[in-house]
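Participant: Please read through the structure below; I'll follow up with questions.
The values are calculated or read from the model by the stated rules, or taken from the named source; none is laboratory data. All values derive from a computational prediction rather than experimental measurement. With ligands, DNA and RNA removed, areas are computed over all heavy atoms of the protein, side chains included. Shrake-Rupley method; radii C 1.70, N 1.55, O 1.52, S 1.80 Å.
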Amino acid sequence: MRLYYSPKSGHSHRVRLFLSLIGAPFDLIEVDLAARQHKSAGFLKMNAFGQVPVLEDDGVAIADSNAILVYLARKFGRTDWYPDDAPGAARVQRWLSVAAGQLAQGPASARLATLFGAKIDADAAIARAHALLALMDTELAPSGWLAADRPTIADIALYSYIARAPEGNVALDDYPHVRAWLGWIEALPGFVPFAIHPVGLYAPGAPLAKLATG
């Protein structure tokens, strides 16, 4: 398997993280977004939307990070990560939809403004991020995980952009259950960290600047 990714992309990181957690062998191929490799003819044959990540497996190209998580869980029979009973699968799907919706429109969008200079309403994105974090903090309280009494691909789908929400000026201080959840994911065997960039609350002189520089 080959994973086409960008190290700055949370969508890419969630797939790379899951591959590592399940111990699946793969080659990592970086796509130069600045050089617009993701818009090249060759890449567009794999993903017509011109977005990373893309997983290539035995001649089949799978695009969309959440779809890739489902593909990998099914390919390797990992019902521990993606339940095959109807209620369990539905609980996971609920959070995959959140990852594609509220997460993308909140923490991920706020980060786009600081890291990539995207022309978006950053204040609105930050407000949406805090609304999501407040809801997650409540949902995480009973079991510590989003969709089951153990980690599932639902947790992996949300981890990367929540962990780096401070890059978009979204503080995590008021969400103890979210912070604990981040720590539990980071303690899983095979965990791969998502790089911290010196923007937002990690920018020089900002409250978390030391974390960005190690």
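Participant: Can you tell me what the convex hull of the Cα atoms of region 158-214 projects to on average, as an area in nm²? Please list the in-between numbers first.
Facilitator: Numbers: hull surface 15.6 nm².
In nm², the orientation-averaged hull projection of region 158-214 is 3.9.
Participant: Here's a follow-up. I'd like the projected area of region 28-90, averaged over all directions, using the convex hull of its alpha carbons. Report it in nm² with one decimal. Show your work: numbers first, answer last.
Facilitator: Values: hull surface 21.0 nm².
Spelled out: convex hull of the Cα atoms, projected over all directions, averaged, 5.2 nm².
Participant: Any idea what the relative contact order of region 1-83 is, in percent, if you count C-alpha pairs under 8 Å spaced at least 6 apart?
Facilitator: Details: 111 pairs, mean separation 25.8, N = 83.
Here the relative contact order equals 31 percent.
Participant: Related question: Rounded if a/c is under 1.5, else prolate if a/b beats b/c, else oblate: with a ≥ b ≥ c from the C-alpha gyration tensor eigenvalues square-rooted, which is region 133-190? Don't jump to the answer; show the numbers that get you there.
Facilitator: Details: a/c = 1.83, a/b = 1.27, b/c = 1.44.
Oblate.
Participant: Indicate, rounded to the nearest 5 percent, the antiparallel portion of the DSSP beta bridges found entirely in the chain.
Facilitator: Details: 7 of 11 bridges.
Roughly 65 percent of the beta bridges in the chain run antiparallel, per DSSP.
Participant: How much of the accessible area of the chain, probe 1.4 Å, is carbon plus sulfur, in whole percent? Walk me through the intermediate numbers first.
Facilitator: On the way: 5410 of 9900 Å².
Looking at the chain in its full context, I get 55 percent from C and S.
Participant: How would you classify the chain from its alpha-carbon gyration tensor, with a ≥ b ≥ c the square roots of the eigenvalues: rounded for a/c under 1.5, else prolate if a/b is greater than b/c, otherwise oblate? Please report the intermediate quantities before stating the final value.
Facilitator: Values: a/c = 1.66, a/b = 1.10, b/c = 1.51.
Because a/c hits 1.5 or more and a/b fails to exceed b/c, the chain counts as oblate.
Participant: A further question on this structure: Suppose all protein chains stay in the model; what accessible area per residue would a 1.4 Å probe give for the chain, in Å²?
Facilitator: Numbers: 9900 Å² over 214 residues.
Using a 1.4 Å probe on heavy atoms only, each residue of the chain averages 46 Å².
Participant: Please work out whether region 43-141 counts as rounded, prolate or oblate from its C-alpha gyration tensor, where a ≥ b ≥ c are the square roots of the eigenvalues and a/c under 1.5 means rounded, while otherwise a/b larger than b/c means prolate and anything else oblate? All intermediate terms of the calculation are to be shown ahead of the outcome.
Facilitator: Numbers: a/c = 3.39, a/b = 1.21, b/c = 2.81.
Oblate shape, in that a/c is at least 1.5 and b/c is the bigger or equal ratio.
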